[in-house]
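Data block below; observations after.
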Amino acid sequence: MKKEMNVLWLLLFLPVLCFAQSDESISLTATATQLSPFVGQRFTITASVINPSYETISGSLLVKGASGLTFFDPDAQIGTGNQWISGEQTLPSKGGQVQIGVDAIGNEEVNAPIDIAFSYKSKGVEKKIATTLNLTIKQPVCGDGKCEYTENSINCCEDCACTATDKCEKQGSDIKPRCYPKSDIPEMFGSILGTLIVWVFVIVLAIFIIKKIFWHKH
């Protein structure tokens, strides 16, 4: 009888044990469209929050970066400084998830780690889960062979090619190469020089032949 009672109690508590084992903590991951954006280049950070527990959860996301960063509210598109807080997000139980995106711009060249945290309440207790994105805001470098953000044929013809009728070179007091129209003078000069050489050869040959004929007659 005692053994049967133990089995009965085990059957009664089994659902509770299963519930406790399945009541996992929420997860937070974050990605960025650019991990090495250029100064002034807009990029997007997206945080994904998943709720595997049996409890519906509500919370908000805080995104905080270095002083050289500016975040933009996705709705109003207004700069909010170097941190941004989302509105309240509700995640249904057992697999409820939400993706939260925010735009950002780097204002200076800097290593810019971005801290991302989701704060929520579970079973009446305040909790927080956090992660970090390690970004580097960089300046384009003229002369590295890559036509990058803000570079063009006007400000960096070394990386961004000139048009077919122009060539990248320094002239006069230029500090750096610029696009200048290709000159036809060298080609024209070469053509004229070639023609002159041919005519000189023809004239010399004609004189030689005439002299030969003249001396032969005498």
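Packing order of peptides 114-122, 140-148, 75-83, highest average first: 114-122, 140-148, 75-83 (average count of other Cβ atoms within 10 Å over each peptide's residues). Kirkwood-based Rg over Rh for the range 50-191 (C-alpha set), two decimals? Looking at the range 50-191, the ratio lands at 1.31. Approximating the spin labels as points 7 Å out from Cα along Cα→Cβ, the Gln139-to-Ser183 distance works out to 3.4 nm. Exposure proxy ranking for Trp84, Trp199, based on other Cβ atoms within 10 angstrom of each Cβ and starting from the fewest, stands as Trp199, Trp84. Seen from Ala117, the other residues with C-beta closer than 11 Å to its C-beta sum to a net charge of +2, counting Lys and Arg as +1 and Asp and Glu as -1.
Net charge of the neighbourhood of Gly68, taken over other residues with C-beta under 12 Å away and scored Lys/Arg +1, Asp/Glu -1, is -1. Dividing the convex hull volume of the alpha carbon atoms of the range 21-100 by its residue count gives 96 Å³ per residue.
Counting charges near Pro181 (Lys, Arg +1; Asp, Glu -1) among other residues having Cβ under 9 Å from its Cβ returns a value of +1. The listed peptides 170-176, 85-91, ordered by packing as a protection proxy, come out as 85-91, 170-176 (highest mean of other Cβ atoms within 10 Å first). With each label point set 7 Å from Cα along the Cα-Cβ vector, what nm distance links Gln99 and Asp166? About 4.0 nm, to one decimal. Among 25-33, 66-74, the peptide with the highest mean count of other Cβ atoms within 10 Å heads the list, and the full ranking is 66-74, 25-33.
May I ask you to list the residues of the range 108-124 whose amide nitrogen lies under 18 Å from a point 7 Å from Cα along the Cα→beta-carbon direction of Thr56? Of the residues in the range 108-124, 120-124 have backbone N under 18 Å from the label point off Thr56.
Every number in this text was worked out from the coordinates using simple rules, so none of it is lab data. Values in this document were obtained by computation on a predicted structure and should not be read as measured data. Cβ coordinates were reconstructed from backbone atoms using ideal geometry, including for glycine residues, and neighbour counts include every protein chain displayed.
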